[in-house]
Amino acid sequence: MEIPYIVTPRKDTGLFNSKIAIWLFLASEVMLFGGFFSAYVFLRIGADYPWPERTLPVLPGLINTFVLIGSSVTVVFAWASLKLRQWRRFQIFMGITVACAAIFMVLKGIEYNVKLHHQAVRLKDYTVIEGHLGYEKEDGVEVKDYKGHKIEENQILIEASKLTFSTVRFHKPWVESLMGQAAHHNAEITLTEDIKAITEIGGKEEVIAKAGDKLSPGLLSRIQKAHLAARKSNSVHRTAALREEWKIAKNDSPELKGWQLAGAVSVDPAALAPKLISEISTVGFTVNPPVEFMFRPRDVQEGATQSRLRDDTVIEGKLLESPMIFHHVDAIDFQHLAMKAEQKGIDPISAIDASWLVQNSPFAREAWEWHKGEVAKLEAELLKDYGTDKKGNPKREPTHKDRYRIGWKELVKKVESEGRPKLSGTASLAEEFVGPNYAARGDETFPHFSVPREQIGFASKFTPSWNTYYAIYFTMTGLHGLHVIGGAIVLGYYLFCGKKMYLANPEWLANRVEVGGLFWHFVDLVWIFVFPVLYLM
Amino acid sequence: MSSHDHTLAGHDAHHDDHHHDDHHNPGFIQKYVFSTDHKWIGIQYGITALLFLAFGFYLMMVMRWSIAYPHEPLPSWMSWIFTDGWKARWLQDGKVTGETYNMFGAMHGTIMVFLGIVPLGFGAFGNYVTPLQIGAPDMAFPKLNMMSYWLYLAGGLVMCGSFFLESGAAKSGWTNYSPLAGFADGQVVNQWLSGQTQWLGGLVLLITSSLLGSVNFITTIINLRARGMTWMRLPFFVWAMLVTGFLLLLAFPPLEAAGIMQLMDRVTHSSFFMPSGLFTKSEGLADLSGGGSPLLFQHLFWFLGHPEVYVLLLPSLACVAEIIPVNTRKPLWGYKSMVYSVLVLGFLSFIVWAHHMYMTGMGPVVSTWFQTTTVLISVPSVILLTAMIISLWGGSIRFTMPMIWACAFLPMFGIGGLTGLPLAFNLADLHLHDTYYVIGHFHYVVAPGILFGLFAGIYHWYPKVTGRYMKNSLGHLHFWPSLICMNIIFFPMLVQGMAGFHRRWYNGGDAYLSKAQDSVNVFGNTVVQHIDLNILMSMGAWTLAIAQIPFILNVFLSLKFGKKVENDNPWDATTLEWATPTPPGHGNFTFDPVVYRGPYEYSRPDCEGDFLPQWVEPKAKPAEVKPDPVHDNTPSAH
């Protein structure tokens, strides 16, 4: 059996099969990206925070645009070379195409990496601080967690003396982390009381774990097993007892409906009690001596004396000062604060003047005062350049972002205006790709800053969780990146493994390259939309 | 010349998998497991879908117990399937808890729609019948076809596997609305191992599967039609599959986008669908940026959700449209208007989605627009149904088993469609929204409607697939109780719904009873009046389960003991699938099929016999022969 029209087009439709298929597939892709673009519009229109405009580095994005457009041209040349049966030329052009895909992904990777390591925090008064976090140190040496990763200075510190695990669910890696931290401080986590369980009905209570037993996932698993067994056995008995009660109730009053009887049917707890065995649903451990544990903010709901992890582990102990420590602050953003103030009818400038950050950080105060001067200068410049309209209002005014955001370039401008030497051309060009150069710019440009925990409203890296803009940015560019990778793999396959296909049936390979090329054009086209929408608007 | 070219290419196409060639005997695995033959893939789809349907049905039986007898432990005939450990986790003293009910409800909907009906209608019937009806040797992309099946199975298993996780399966309704679905299973530290996340993962697999499927179907229909098979000679079945393919192709991707974004919300803690200031009892103020839009999810979901209704419906409608002309021995009435209707239906189905969202406060302008389009879409639907009813008029009806099911489809689907009209008007919808009326409405469409149509299809094509008829006696034993039970289950829903019964009451309204005694509840009296219907409906549901036993027996027993078909065309039908050997071999046709006429040439006064198949060469009137000038390059058949 052969499927017709694989190589030669059908006459009335004028198409070979895979060409129809790729166009259909692209139609579907249009709907997929259409879904994301409409989500973008929906989110941007409905945003209740200042949408980050022109926040991504344009230069790498622009380079990527040209790289992709170029590769779209070369893929056509590659296809045409095949049509002309010029294998060597095909190899060259296809090679360039695949190389372009690689360049694109490398630039994208750099961009992602910068974002993923950039911290932002929104204070309770909606001031936003951006920068790089430091790492936890002890005696000048960076501390590693039990997995060997450096720990950022954004941890909740709790001096715990007692830990209570839920036997229903405990997250093994977290247990291991607690054990590791305790071991690091030469402390022991031991079982507070004997754990007794009846392992069979009518049997005697047995001690399945003794007080003083050291915490381990194995111990917890053992207790969990007892818990599950007890729960299972109790459930069987409870069900049987309830079923029995219903049988009796229905026999007694067959004329009544279930919902009329429901109130009267119940199991006598005293009669049931002998059949039940205790379900150990929590198990307590003592930490001796009390240890200063570190938790990632998202994992823990902290309280002054009692905190709770997401896996229902209860930590008893004092909550310590847990500031978030920026090693380098590289932007201060009052846009959100100003927006909130405007909504309340308060003058944004005085709201910023009164904000916690400006009140408490001399650096921020100085930067803000300087920035106000810059905005005034900009206003004057715009007035000079564009003049006023008929009503006497200036035609152009500084944007919300101009007014209320002090980005890293402004901070650089400030110190340079104060006489700090400029960076070399190459070094500042590099900054366009990898973000500000903290080492060269120094602490006076990007200072340290410690944010007390109680001031933090919401904190995140520049990841999808920071705001809906970054969410849609990562989702769309990520999905586009996956398309680039997928396309490059297919085209690379034709390049590196295509010789055999070429020798057997060059026309067929040309068809395949045509279809792959159509997909590649689509990938390019998506970027042509993604780039202005996410980078320029 | 081109034909020569093609033969060469064909051999190259198979250079890496020579075993697929029909000159060789493929191994068991290649023939029955990783098969690329559209017929076997269709059967795989069918079997898998029927198993999922049975599972979804079972979930519903448990839910019906909770509704009818909320205070009583689940009886052992229903709960034996669970392990004791599972019962201890998910049942409270043997009773179904609200959480468990939600889980079963969400999974019942998901399984029935995504894993049951669509794969049965589009996957099984579409795969088996479409290439046969257009005279193609297989689908255009057999390997893609196989991949499509395996992705579907993987998606289904991922979704259903989550029943065994600590968190249980998804619990936020089959619509999976955020922010509820964004928060669900938040206690699970590794979010990838929660039922809610796996639901999304499974969904992405299913969407990929249906994307590959629809691309394959449309390409096959466009490019692989036999010589002479012009567009207006296509059986209606094929048209319906073409439209279904386009619906899947274009409507699913926005849901995939929504699914990906919800996945991001769950795994990376983004806020696509999470508004600012979200506060929950368990977690307090959410540790999220906020700023997202829950409404966005609903829009994206229903952009799929509504066309999906037609994805469910069209294959079933297509089966019925094939069965009626065969069994009335007269042409399908209004074939062309049906074709245009189905195209219009497909188009309109993309612009009605927000009628599911009247209660979200979109504003009167938007509501009016969607109300208008919704009423518009009833026009092509009514044309389709009416054309099929008129097709019965004056026919010499043979009440074969498939015809009986098809005849039941017509009024049942009619009830389903007509009960939808009040829901289309947003004024009436204010009252009926989220009540059992809605449940009754769409179950009338899907269960006694669509499912009956698909049963009809099974009885109709079973002889082609197996070479034997299904047993009539068992068929009647299957049909009549099913028809009665379906109405016992779903008609009272309409009544309850108008009395205000909410669709999410896990205890069937029991919680409202105590209020009704001494307070003036809006629903007070009505709940008491109609609550006993719950028991009737549940009894109906369980009886319906028993009524499916004859069907299962029939499918298996007829394989061995069914009456053998007399020839390759046992129903005396006219479409091309009956021109193949029984069962069709790899490559389908033993001759090069050429089509000479439309698909429903029954009882033509000018020829002997009461049917004239599409493939029979006309003898008497040479003028009628229309050799297709553009098809001279048709490949040679072996």
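Scanning the range B:454-468 for residues that are among the hydrophobic types (A, V, I, L, M, F, W, C) and more than 17 Å from B:Ile47 (Cβ to Cβ) yields one hit, B:Ala456.
Yes or no, residue by residue, for (1) in a helix (DSSP H, G or I); (2) of a type in the set (S, T, N, Q); (3) surrounded by fewer than 12 Cβ atoms within 10 Å (Cβ to Cβ):
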| residue | (1), (2), (3) |
| --- | --- |
| A:Ser233 | yes, yes, no |
| A:His237 | yes, no, no |
| A:Arg243 | yes, no, no |
| A:Trp246 | yes, no, no |
| A:Ala249 | yes, no, no |
| A:Glu255 | no, no, yes |
| A:Leu261 | yes, no, no |
| A:Ser266 | no, yes, no |
| A:Ala270 | yes, no, yes |
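Of the residues making up the range A:402-436, those that are in contact (Cβ under 8 Å) with a residue 12 or more places away in the chain, in a loop (DSSP other than H, G, I, E, B) and surrounded by fewer than 18 Cβ atoms within 10 Å (Cβ to Cβ) are A:Gly407, A:Arg420, A:Leu423.
Among the candidates B:Leu295, B:Leu288, B:Leu345, single out the residue that is more than 14 Å from every other protein chain (Cβ to nearest Cβ) and either in a helix (DSSP H, G or I) or closer than 30 Å to A:Pro464 by Cα (or both).
Answer to the check: B:Leu345.
Name the one entry in B:Ala257, B:Ala251 that is farther than 30 Å from B:Ile134 by Cα, assigned to a helix (DSSP H, G or I), within 10 Å of chain A (Cβ to nearest Cβ) and in contact (Cβ under 8 Å) with a residue 24 or more places away in the chain. Exactly one residue qualifies, and that residue is B:Ala257. Counting the residues of the range A:142-168 that are β-branched (Val, Ile, Thr) and within 30 Å of A:His327 (Cβ to Cβ) gives 4. Among the numbered criteria (1) more than 23 Å from A:His117 (Cα to Cα); (2) within 13 Å of chain B (Cβ to nearest Cβ); (3) surrounded by fewer than 22 Cβ atoms within 10 Å (Cβ to Cβ), which single criterion is violated by A:Ala510? So A:Ala510 meets the others, but not (3).
Apart from one condition, B:Tyr310 fits all of (1) in contact with a strand residue (DSSP E or B) (Cβ under 9 Å, 6 or more places away or on another chain); (2) more than 24 Å from B:Pro613 (Cα to Cα); the exception is (1). Within the range A:380-396, if we keep just the residues that are touching a Lys or Arg at 6+ places or on another chain (Cβ under 9 Å) and either loosely packed, with under 12 Cβ neighbours inside 10 Å or not aromatic (Phe, Trp, Tyr) (or both), the residue that is farthest from A:Glu130 (Cα to Cα) turns out to be A:Asp389. Of all residues in the range A:273-300, those that are crowded, with 18+ Cβ neighbours inside 10 Å and without any contact (Cβ under 8 Å) to a residue 60 or more places away in the chain total 1. Mind listing just one residue for me: the one in the range B:585-631 that is in a loop (DSSP other than H, G, I, E, B), within 11 Å of chain A (Cβ to nearest Cβ) and in contact with a helix residue (DSSP H, G or I) (Cβ under 9 Å, 6 or more places away or on another chain) and, of those, modelled with the highest pLDDT? The extreme case among them is B:Phe589. Contact annotation: residue pairs with Cβ atoms under 6 Å, 6 or more positions apart or on different chains, pairing a residue in the range B:535-556 that is touching a residue at least 60 places away in the same chain (Cβ under 8 Å) with a partner that is assigned to a helix (DSSP H, G or I) and β-branched (Val, Ile, Thr), are B:Met537/B:Ile489; B:Ala541/B:Ile489. Scanning the range B:218-242 for residues that are surrounded by 24 or more Cβ atoms within 10 Å (Cβ to Cβ) and among the β-branched types (Val, Ile, Thr) gives B:Ile218, B:Thr219, B:Thr220, B:Ile221, B:Val238.
Here A:Glu302 meets the list (1) within 12 Å of chain B (Cβ to nearest Cβ); (2) more than 49 Å from the chain's Cα centre (by Cα) almost entirely, failing just condition (2).
State yes or no: is A:Lys124 farther than 17 Å from A:His483 by Cα and in contact with a strand residue (DSSP E or B) (Cβ under 7 Å, 6 or more places away or on another chain)? The answer is yes for A:Lys124.
Filtering the range A:437-495 to residues that are within 14 Å of chain B (Cβ to nearest Cβ), in a loop (DSSP other than H, G, I, E, B), farther than 30 Å from A:Arg420 by Cα and not hydroxyl-bearing (Ser, Thr, Tyr) leaves A:Pro464, A:Trp466, A:Asn467.
The criterion of at least 1 residues that are among the acidic types (Asp, Glu) and under 16 Å from A:Lys124 (Cα atoms) is met, among helices (runs of 4 or more DSSP H) falling completely within the range A:332-371, by A:348-353.
Taking the range A:1-57 as the range and being within 7 Å of another protein chain (Cβ to nearest Cβ), in a loop (DSSP other than H, G, I, E, B) and either under 41 Å from the mean Cα position of the chain (by Cα) or under 30 Å from A:Gly435 (Cα atoms) (or both) as the test, the residues that pass are A:Ala47, A:Asp48, A:Tyr49.
Is there a residue being under 30 Å from A:Trp356 (Cβ atoms) and β-branched (Val, Ile, Thr) anywhere in the range A:429-446? Yes: the range A:429-446 contains one or more residues that are under 30 Å from A:Trp356 (Cβ atoms) and β-branched (Val, Ile, Thr). Being over 30 Å from B:Tyr444 (Cβ atoms) and modelled with pLDDT of 95 or more narrows it down to one of B:Phe273, B:Phe301, B:Phe297, B:Phe279, so name that one. Exactly one residue qualifies, and that residue is B:Phe273.
The set of residues from the range A:305-326 being within 10 Å of chain B (Cβ to nearest Cβ) and of a type in the set (Asp, Glu) comprises A:Asp311, A:Asp312. For A:Asp311, the stated conditions do not hold, so it cannot be described as of a type in the set (Asp, Glu), outside the structural domain of A:Lys172 (by TED's automatic domain parsing) and either at pLDDT below 95 or surrounded by 14 or more Cβ atoms within 10 Å (Cβ to Cβ) (or both). Identification of helices (runs of 4 or more DSSP H) wholly contained in the range B:52-167 with 2 or more residues that are at the interface with chain A (Cβ under 10 Å from one of its Cβ atoms) and surrounded by 24 or more Cβ atoms within 10 Å (Cβ to Cβ) yields no element. Of the residues making up the range A:228-251, none is at pLDDT below 90 and of a type in the set (D, E, K, R). Residues that are in contact with a Ser or Thr (Cβ under 6 Å, 6 or more places away or on another chain) and in a helix (DSSP H, G or I) were ranked within the range B:349-390; the one that is surrounded by the most Cβ atoms within 10 Å (Cβ to Cβ) is B:Leu384.
For the condition over 24 Å from A:Leu378 (Cβ atoms) and of a type in the set (Lys, Arg), what is the one hit in A:Lys409, A:Lys461, A:Lys414? Show your work before the answer.
Working: A:Lys409 fails: over 24 Å from A:Leu378 (Cβ atoms); A:Lys414 fails: over 24 Å from A:Leu378 (Cβ atoms).
From the options A:Lys409, A:Lys461, A:Lys414, the qualifying one is A:Lys461.
The values are calculated or read from the model by the stated rules, or taken from the named source; none is laboratory data. Because the structure is predicted, anything quoted here is derived from the model rather than measured. All Cβ positions, glycine included, derive from the backbone under ideal geometry; neighbour counts span all protein chains shown.
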